[in-house]
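The values are calculated or read from the model by the stated rules, or taken from the named source; none is laboratory data. A quick note: this is a predicted structure, and the numbers were derived from the prediction, not measured. For neighbour counting, all protein chains shown are included, and Cβ atoms are generated from backbone atoms with ideal geometry for every residue, glycine included.
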Amino acid sequence: MAATFRLSHGAADAAAGDGESTGLGGFIGSGAKIRFYTGGVNTNPESAPAGTLLGTLAVTGSFAAASGDGKIDTSTIVSDSSADDSGTCASFWVTKSDGTTPVADGNVGTADTTITFDNNVFVEGGTIAMSAFSITVPSY
């Protein structure tokens, strides 16, 4: 029989940060950075993705407490009004506000990716914007 391990909704909320437990939201804190790169994701989120840095978005506050689904959200994201370089965005890297302490990474594209843009070709000097960002600690 295959091994099975699942978190209840309450445990996933506590891991994410539910107001009683600081969880992942507490670890991230206020002012996280979301950086976008041309290269693929690294072998783990401890290091920035490969490729050219295209731009950086800033989360101005903290993530909201999870409320029954293990998901923490933020909608206070400052756009990068002047992208650093041009290229096709393929990955992102989230860090704490210091810009170096890793939190998460993933792929970027126009469909079936962690972050989806209508157009993932960024132009130097152009704007990179997102209206919200969520991280989910999975439960059953």
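Observations, loosely collected:
- Positions within segment 29-75 being among the polar types (S, T, N, Q) and closer than 18 Å to Ser91 by Cβ, in sequence order: Thr38, Asn42, Thr43, Asn44, Ser47, Thr52, Thr56
- Taking the criterion of being closer than 18 Å to Tyr37 by Cα and surrounded by fewer than 20 Cβ atoms within 10 Å (Cβ to Cβ), the only residue of segment 58-76 that qualifies is Ala58.
- Those residues of segment 34-58 which are of a type in the set (A, V, I, L, M, F, W, C) and modelled with pLDDT under 95, in sequence order: Val41, Ala48, Ala50
- Scope segment 109-124; condition surrounded by 12 or more Cβ atoms within 10 Å (Cβ to Cβ) and among the small types (Gly, Ala, Ser); matching residues: Gly109
- Among the residues of segment 10-20, those identified as surrounded by 16 or more Cβ atoms within 10 Å (Cβ to Cβ) and not in a loop (DSSP other than H, G, I, E, B) are Ala11, Ala12, Asp13, Ala14, Ala15, Ala16.
- Residue check, Thr4 part of a loop (DSSP other than H, G, I, E, B), closer than 19 Å to Ala104 by Cβ and either touching a helix residue (DSSP H, G or I) at 6+ places or on another chain (Cβ under 8 Å) or without any contact (Cβ under 8 Å) to a residue 40 or more places away in the chain (or both): no
- Of all the numbered requirements in (1) over 30 Å from Thr4 (Cβ atoms); (2) touching a residue at least 24 places away in the same chain (Cβ under 8 Å), Val137 misses one, and that requirement is (1).
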